Amino acid sequence: MSEREGSQRERTQFALTVNGERREVEADPDTPLLYVLRNDLGLMGARFGCGLGICGACFVHVDGAVVASCDTPLWSVEGRTVVTVEGLAPGDALHPVQQAVLDEQAAQCAYCVTGVIMSGAALLARTPKPDEAAVVGALERNLCRCGAHGRMVRAVLRAGDG
Ligand code: FES
Ligand code: FES
């Protein structure tokens with residue numbers, strides 16, 4: 001048995017910052033961050049879609065980068081800063097991308113929308129007024145089964161105009 005296989009059975013204490021708060025979690029080191037967020041920390045915004053890092057439903061920010069939390073083991077975020085859709089804006093305020101998604105009525109079933117918002121917010125943090133090509137590029141890892149992708153792109157563009 002490899003050292004990694006052996007460690008999968010251990011529960012280990014990890015500390016990370018989530019939405020501005022230091023959180024401690026005891027879990028198997030290989031537990032996907034998505035499960036920790038949803039099951040241990042009660043943050044249900046990031047969603048399980050494919051579980052393979054290819055649909056974007058589970059996207060969060062880790063140290064400012066967009067990351068598939070379904071495909072990110074807990075051990076890899078020890079000491080790092082995680083932001084979920086719940087922590088994008090303070091209190092009851094909405095992040096400009098969240099407001100623009102509402103204004104554009106961009107979501108249909110909305111299953112994909114939190115991942116889209118995390119991709120859009122990361123883009124605007126780097127490029128406050130992106131052009132359409134930049135927005136399309138930023139959202140290309142987000143799959144929308146409802147076919148609302150064009151409205152999502154318009155929403156992120158609108159947020160950049162705001
Ligand atoms: S559920 Fe994580 S990318 Fe699809
Ligand atoms: S709005 Fe339904 S999957 Fe995107």
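With runs of 4+ DSSP H residues as the only contributors, calculate the mean residue ellipticity of the chain at 222 nm using -39,500 (n - 2.57) per run, divided by the residue total and rounded to the nearest 500.
-8500 deg cm²/dmol, from helical runs alone.
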Distance-filtered residues of segment 141-157 - backbone nitrogen under 20 Å, label point 7 angstrom along F48 Cα→Cβ: 143-145
Taking amide H atoms as placed 1.01 Å from N in the peptide plane, list the residues 5 or more away in sequence, or in a different chain, whose amide H sits under 5 Å from that of V18. R23, V82
How much of the accessible area of segment 69-162, probe 1.4 Å, is carbon plus sulfur, in whole percent? 52
Note to self: Kirkwood Rh of the chain, Cα pairs, one decimal, Å, is 16.1
How far apart, in nanometres, would the label points at R22 and A65 be if each is projected 7 angstrom from Cα along the Cα-to-Cβ direction? 2.5
Can you give the angle from 0 to 90° between the axis of helix 149-161 and the longest principal axis of the chain, with both taken from C-alpha atoms, to the nearest 10? 80
Could you state the number of Å between the C-alpha centres of segment 109-162 and segment 47-102? 14
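Could you grab the relative contact order for the chain? Cα pairs under 8 Å, six or more apart, rounded to a whole percent. Each step should come with its number before you reach the end.
On the way: 281 pairs, mean separation 35.0, N = 162.
Relative contact order here is 22 percent.
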Let me spell out the model: positive unit charges on the Cβ of Lys and Arg, negative unit charges on the Cβ of Asp and Glu, origin at the Cα centre of segment 28-140. What dipole size does that give, in debye rounded to 20? 60
Extending each Cα 7 Å along its Cβ direction at A133 and A89, get the distance between those two points in nm, one decimal. 3.1
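The values are calculated or read from the model by the stated rules, or taken from the named source; none is laboratory data. Note that this is a predicted model, so its numbers are computed, not measured. Please note: Cβ atoms are built from the backbone with ideal geometry, for glycine as well, and neighbour counts cover all protein chains shown. Surface accessibility is based on the protein's heavy atoms, side chains included, excluding ligands, DNA and RNA. Shrake-Rupley method; radii C 1.70, N 1.55, O 1.52, S 1.80 Å.
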